[in-house]
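Comments concern the structure below.
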Amino acid sequence: GRTMTVTDYLGYLDQRRLMQTEFHHYFAEADAVLIPSSPITAKPIDGAHDAFAPFGLFTRLGSLMDLACLSVPMGDADGLPTAVQIMVRRYADPLAFRIGRAFEVQRGRLFVPPPGYMHLDRTMAKTA
């Protein structure tokens, strides 16, 4: 941003508003848009810093368009985690949470606790 002039910045803001207006027409007949959270699966830890990975490519869209977004794990592909991004209109966060919860209930558990793992569930927390 140091090399950007005020005129350029204001021009980009105008361009962003035009793109937001056009994009919001997609929500005329829909409550949400679901897309992958990332265009690729996570990288193994051993090679995570070896190459550029466009992990934020899809999540930037929500920020640019002023949408409320939620990323929900959906399982794995070849042992590497994947997620779905739920995009809803600005200020519709409760809707994104309801969709995300419904997805998680339908999907089922992802976490398999290792031997010896102790979890404090809600019923235990009430009595503690």
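The values are calculated or read from the model by the stated rules, or taken from the named source; none is laboratory data. Since the structure is predicted, the reported quantities are computational estimates derived from the model, not experimental observations. All Cβ positions, even for glycine, are placed from backbone atoms using ideal geometry, and neighbour counts span all protein chains on display. In case anyone asks, the SASA skips ligands and DNA or RNA and just uses the protein heavy atoms, side chains included. Shrake-Rupley method; radii C 1.70, N 1.55, O 1.52, S 1.80 Å.
Restricting the range 61-100 to residues that are farther than 22 Å from Arg17 by Cβ and touching a helix residue (DSSP H, G or I) at 6+ places or on another chain (Cβ under 8 Å), the residue that is most open to solvent (accessible area, probe 1.4 Å) is Met74.
Residues of the range 38-55 that are open to solvent by 70 Å² or more (accessible area, probe 1.4 Å) and either modelled with pLDDT under 70 or basic (Lys, Arg) (or both): Lys43, Pro44, Ile45, Asp46, His49, Asp50, Phe52. Of the numbered conditions (1) at pLDDT 85 or above; (2) closer than 25 Å to Met19 by Cβ, Phe58 fails exactly one; give the number of that condition. Single failed check for Phe58: (1).
Consider the range 26-37. How many of its residues are under 21 Å from the mean Cα position of the chain (by Cα) and free of Cβ contacts under 8 Å to residues at least 12 places away in the same chain?
Looking only at the range 26-37, we keep the residues that are under 21 Å from the mean Cα position of the chain (by Cα), and these are 26-27, 30-37.
Adding the requirement that they be free of Cβ contacts under 8 Å to residues at least 12 places away in the same chain leaves 26, 30.
Qualifying residue count for the region: 2.
So that you can scan it fast, the table gives a plain yes or no per residue for (1) touching a Pro at 6+ places or on another chain (Cβ under 6 Å); (2) modelled with pLDDT of 90 or more; (3) part of a helix (DSSP H, G or I):
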site: Ile86; (1), (2), (3): no, yes, no
site: Arg98; (1), (2), (3): no, yes, yes
site: Arg101; (1), (2), (3): no, yes, yes
site: Arg109; (1), (2), (3): no, no, no
site: His119; (1), (2), (3): no, no, no
site: Met124; (1), (2), (3): no, no, yes
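Residues that are within 29 Å of the chain's Cα centre (by Cα) and open to solvent by 70 Å² or more (accessible area, probe 1.4 Å) within the range 5-15 comprise Tyr9, Leu10, Tyr12, Asp14, Gln15, listed in sequence order.
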